[in-house]
Amino acid sequence: MTAIDILLPRPTLPIVEEQLDAAFTVHRSYKAEDPDAMLREVGNKIRGVAMAFGAVDAQLLAKIPNVEIVSSLGVGYDHINIPDCKAANVMVTHTPDVLSDEVADTAIGLMIMTIRELGQAEQWLRQGNWLAKGPYPLTQATLRGRTLGVFGLGRIGKEIAKRAEAFGMSIRYHGRNPQKDVAYPYDDSLEGLAEACDTLMVVAPGGAATEHAVNAKVLEKLGPDGIVLNIGRGSVIDETALIEALENGTIYGAGLDVFEQEPQVPEALLRLPRVTVLPHVGSASQATRNAMGQLVVDNLTSWFKSGRAVTPVPEMT
Ligand code: NDP
């Protein structure tokens, strides 16, 4: 396989880099002084792209006209322009399932941190306030009696729901379609879901179809006890509307792992007292990232061995 040329636009996990080096000729554009000049030189030879993150569109594809496959790390692929890839006859793969448990665990952690203010309570101790001022104030919110509304009850959403049930929460959901394999009540609109729950977990994918789906109206429906949690994509929530809703008491609090302009996080969000923020760590354990990285490699090797991808994105199946 040494004759097959692969583009690696960004540094990635050692287990990916090592296996790619063993099986392919790898061109690391991120190491080139002038990546465009490098692509002008080797672009015609490139047959596969191993992507950590970063945009893939007609502009990039034009520089690698003989590429056959883009193997992306992560289950979300809103950074990849699927119509452009289809038009260029390029297969796109992602890494579903292997991260669902990890992301669901993180989502539950984020929910409890937000509702019980655990991050703030830890800061209270670390800053010496427990000694100087006494106990951390009682949290006004509790998980007890809450209803979780899942926006996007897919692979990860179902794992979150399962865990939340074990915590005694009622579950309901909204998505494009009712799911056949669950008995939770389905709301046919996001506003309807927001009205019927008090804890809204966003785990729908990013992209044009969901952009700012969680807007001022949805937040108003969620109400003053409402808590918004986002483990999906930053673009799904209108961040300006969210900040306003938190400042005005339209909703109670928010827990966010993802943001509209990562790694930028609006100062206004950081100043709000009942907001928990995490730096997009949903799947970020070594074990889970290695499993995702292995799928990136497996998709490339399978494609060039048999012409079949292991985990193509749904639009390619
Ligand atoms: P799935 O495709 O299994 O689930 C997505 C769910 O969202 C499906 O139930 C789907 O509904 C619903 N959905 C899709 N498009 C729309 C839409 N336009 N409007 C309403 N609902 C929609 O994906 P996963 O559960 O595996 O992953 C979900 C997302 O989580 C990823 O796309 C990614 O963005 C994010 N993620 C975040 C991570 C983090 O680190 N924070 C880590 C991993 C993933 P239906 O079944 O009806 O089509």
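Bear in mind that the values in this text are calculations on the coordinates, not laboratory data. These figures come from a predicted structure and were not determined experimentally. Note that each Cβ is placed from the backbone with ideal geometry, even for glycine, and that neighbours are counted across all protein chains shown.
Hey, any hits in the range 205-222 for a residue that's surrounded by 15 or more Cβ atoms within 10 Å (Cβ to Cβ), over 20 Å from residue 258 (Cβ atoms) and over 18 Å from the mean Cα position of the chain (by Cα)?
yes
Do you know which residues across the range 241-273 are under 27 Å from residue 154 (Cα atoms) and surrounded by fewer than 15 Cβ atoms within 10 Å (Cβ to Cβ)?
Hits for the range 241-273 are 261, 262, 263.
When the residues of the range 164-177 are narrowed to those that are farther than 13 Å from residue 193 by Cα and either acidic (Asp, Glu) or within 13 Å of the ligand (Cβ to nearest atom) (or both), which ends up farthest from the chain's Cα centre (by Cα)? Quick ask: steps written out before the conclusion?
Pass one, the range 164-177, residues farther than 13 Å from residue 193 by Cα: 164-169, 177.
Of the ones still in play, those that are also either acidic (Asp, Glu) or within 13 Å of the ligand (Cβ to nearest atom) (or both) are 165, 177.
On the way: 165: 22, 177: 20 Å.
Checked the range 164-177; the qualifying residue farthest from the chain's Cα centre (by Cα) is 165.
Out of the residues in the range 189-201 that are crowded, with 24+ Cβ neighbours inside 10 Å and outside any helix (DSSP H, G or I), which is nearest to the ligand (Cβ to nearest atom)?
201
When you go through 198, 257, 187 one by one, which is the residue that is over 17 Å from residue 114 (Cα atoms), charged (D, E, K, R) and in contact with a strand residue (DSSP E or B) (Cβ under 7 Å, 6 or more places away or on another chain)?
After applying the criteria, what remains is 187.
Among the listed residues 204, 209, 241, which satisfies the condition of being over 22 Å from residue 274 (Cβ atoms), part of a helix (DSSP H, G or I) and of a type in the set (A, V, I, L, M, F, W, C)? Break it down into steps so the answer makes sense when it comes.
Values: 204 fails: part of a helix (DSSP H, G or I); 241 fails: over 22 Å from residue 274 (Cβ atoms).
Only one candidate qualifies: 209.
Does residue 95 count as in contact (Cβ under 8 Å) with a residue 60 or more places away in the chain, among the hydroxyl-bearing types (Ser, Thr, Tyr) and within 26 Å of residue 169 (Cβ to Cβ)?
no
Would you pick out the residues in the range 7-22 that are in contact with a helix residue (DSSP H, G or I) (Cβ under 6 Å, 6 or more places away or on another chain) and assigned to a helix (DSSP H, G or I)?
15, 16, 19
Starting from the range 245-272, keep only residues that are in a strand (DSSP E or B), then list their pairs with residues that are of a type in the set (Ser, Thr, Tyr) whose Cβ atoms are within a distance under 8 Å, requiring at least 6 positions of separation or different chains.
253/114; 253/276; 254/114; 254/276; 255/114; 255/276; 256/276
Tell me, which helices (runs of 4 or more DSSP H) lie completely within the range 81-145 with 2 or more residues that are surrounded by 16 or more Cβ atoms within 10 Å (Cβ to Cβ)?
The helices (runs of 4 or more DSSP H) meeting that bar are 82-87, 100-116, 118-126.
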